[in-house]
Amino acid sequence: KCSGTPIEDTVWIDPTPMVVATPAKDTICTGDATSILLTTVTNSTNGVEFNYTSTASDASIGGNGTGTLTPGQSITETLTNSDDTQGYVAYTITPWTLDASNNQKCSGTPIEDTVWVEPTARVSVSPVNDTICDGDNVSITLSSPTSSTNGVRFSYTTEAPPGVVVTPGSGTGLTTGTPITDAIANSTDAAQLVRFIVTPYTLNASGGQKCTGVNDTAFIWVEPRPMVVGTPAKDTICTGDATSILLTTVTSSTNGVEFNYTSTASDASIGGNGTGTLTPGQSITETLTNSDDTQGYVAYTITPWTLDASSNQKCSGTPIEDTVWVDPTPM
């Protein structure tokens, strides 16, 4: 019969909110921060926000937590890995629309974003200490307990004093079990220390360097090429007299120097010569005889050697020859 004044009541229907996380998967170094940008294509009445929670793969992974963010903000957490093996944090991110009081109203479908956390790469060198001869090659084996997402590699540099040349002296991309085999030349008269500084690093998905680890150092002593001086370099004695060839050296080695000598007589009438091993400051002292009426000689070949830690002969130098003439008994 009688109509009243109509009213209008409006109900807004929000869409199901969505969230996009960029990147959807990432790998970081221990001690680095995540950077997961959160955006949405959802246009709601009162806006959108995101809740996130996280779960670490094991107890060695730390620094992850929970939070609430708005579009354009990022999940930024400093993650750590105290183990030798890679681990991860799985982030579960849930989008929500808001009501007029900015309370969360309608939830969307959660997504998961995984961040792998590399361990600190470590390396062990073997041997840690070694001694080689001038011109020899080192043999330093590299190993690592580190297990990373994309593998571990090693680079190395060298520190050498003046007068020492290391070839090639540096390298990168070495794998576990691959030895460093650089050649070292020592042109000085003293033993010299060369340091091989090895740095481990983890790889990124493209095979490039990602996370730098902790250095280890191999200490290599390089012996000089030993030398010997025989004084006098040439001598003449009477039959029945003794030689007196003083042996000295300018060589300073890690564990000392000694000399081997052998001898050869000019003919069967010359006798009394032999062989021996002496140290610096000692002399070749042999009583030589000449049973003939003609002069003869003994040629001494003297070879210098450096010694190892067990006092065994290790590195040989260039032999010298010292000649002693033996006069006959005059008639």
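The values are calculated or read from the model by the stated rules, or taken from the named source; none is laboratory data. All figures in this text were calculated on a predicted structure; none of them were measured in a lab. So basically every Cβ, Gly included, is an ideal-geometry build from the backbone, and we count neighbours across all protein chains shown. These accessible areas exclude ligands, DNA and RNA; they are computed on the full protein's heavy atoms, side chains included. Shrake-Rupley method; radii C 1.70, N 1.55, O 1.52, S 1.80 Å.
Scanning the range 53-69 for residues being out of contact with any Gly (no Cβ under 6 Å at 6 or more places or on another chain), in contact (Cβ under 8 Å) with a residue 24 or more places away in the chain and either assigned to a strand (DSSP E or B) or open to solvent by 60 Å² or more (accessible area, probe 1.4 Å) (or both) gives a total of 5.
In the range 277-290, the residues that are at positive phi reach residues that are in a strand (DSSP E or B) and open to solvent by less than 60 Å² (accessible area, probe 1.4 Å) with C-beta atoms within less than 9 angstrom, at least six apart or across chains, in these pairs: 281/247; 281/248. The number of residues in the range 165-188 that are open to solvent by less than 20 Å² (accessible area, probe 1.4 Å) and either in contact with a Gly (Cβ under 6 Å, 6 or more places away or on another chain) or in contact (Cβ under 8 Å) with a residue 40 or more places away in the chain (or both) comes to 4.
Which of (1) in a strand (DSSP E or B); (2) within 30 Å of residue 149 (Cα to Cα); (3) open to solvent by 70 Å² or more (accessible area, probe 1.4 Å) does residue 196 not meet, given it meets every other one? Of (1) in a strand (DSSP E or B); (2) within 30 Å of residue 149 (Cα to Cα); (3) open to solvent by 70 Å² or more (accessible area, probe 1.4 Å), only one is false for residue 196: (3). Residue under question is residue 284, and the condition is that it be crowded, with 17+ Cβ neighbours inside 10 Å, aliphatic (A, V, I, L, M) and in contact with a Ser or Thr (Cβ under 8 Å, 6 or more places away or on another chain); does it hold? Spelling it out, residue 284 is indeed crowded, with 17+ Cβ neighbours inside 10 Å, aliphatic (A, V, I, L, M) and in contact with a Ser or Thr (Cβ under 8 Å, 6 or more places away or on another chain). Considering only residues in the range 23-49 that are touching a Leu at 6+ places or on another chain (Cβ under 8 Å) and hydrophobic (A, V, I, L, M, F, W, C), the one that is most open to solvent (accessible area, probe 1.4 Å) turns out to be 33. Tally up the residues in the range 22-52 that are part of a strand (DSSP E or B), more than 39 Å from the chain's Cα centre (by Cα) and among the hydrophobic types (A, V, I, L, M, F, W, C), please. Of the residues in the range 22-52, 3 are part of a strand (DSSP E or B), more than 39 Å from the chain's Cα centre (by Cα) and among the hydrophobic types (A, V, I, L, M, F, W, C).
The one condition from (1) crowded, with 20+ Cβ neighbours inside 10 Å; (2) touching a Ser or Thr at 6+ places or on another chain (Cβ under 8 Å) that residue 230 does not meet is (2).
Elements of the type strands (runs of 3 or more DSSP E) sitting completely within the range 81-161 and holding at least 2 residues that are under 30 Å from residue 16 (Cβ atoms) and open to solvent by 30 Å² or more (accessible area, probe 1.4 Å): these cover 87-98, 104-107, 111-118.
With the requirement that a residue be among the acidic types (Asp, Glu), in contact with a strand residue (DSSP E or B) (Cβ under 6 Å, 6 or more places away or on another chain) and in contact (Cβ under 8 Å) with a residue 24 or more places away in the chain, what does the range 291-331 give you?
Restricting attention to the range 291-331, the residues satisfying the condition of being among the acidic types (Asp, Glu) are 292-293, 308, 321-322, 327.
Those still in the list that are in contact with a strand residue (DSSP E or B) (Cβ under 6 Å, 6 or more places away or on another chain) too: 308, 321-322, 327.
Result: 308, 322, 327.
Filter the range 203-227 for residues that are surrounded by fewer than 17 Cβ atoms within 10 Å (Cβ to Cβ), within 15 Å of the chain's Cα centre (by Cα) and of a type outside the set (Phe, Trp, Tyr) and give the result. If the condition is that a residue be surrounded by fewer than 17 Cβ atoms within 10 Å (Cβ to Cβ), within 15 Å of the chain's Cα centre (by Cα) and of a type outside the set (Phe, Trp, Tyr), then 212, 214, 215, 217 are the ones that fit.
Restricting attention to the range 19-58, which residues are of a type in the set (A, V, I, L, M, F, W, C), out of contact with any Pro (no Cβ under 6 Å at 6 or more places or on another chain) and farther than 29 Å from residue 149 by Cα? Working first, answer last.
So the first thing to find is which residues in the range 19-58 are of a type in the set (A, V, I, L, M, F, W, C), and the list is 19-21, 24, 28-29, 33, 36-38, 41, 48, 50, 56.
Narrowing the set further to residues that are out of contact with any Pro (no Cβ under 6 Å at 6 or more places or on another chain) leaves 20-21, 24, 28-29, 33, 36-38, 41, 56.
41, the sole residue that qualifies.
Out of the residues in the range 1-21 that are at pLDDT below 95 and either part of a strand (DSSP E or B) or over 30 Å from residue 36 (Cα atoms) (or both), which is nearest to the chain's Cα centre (by Cα)? By that ranking, first place goes to 12.
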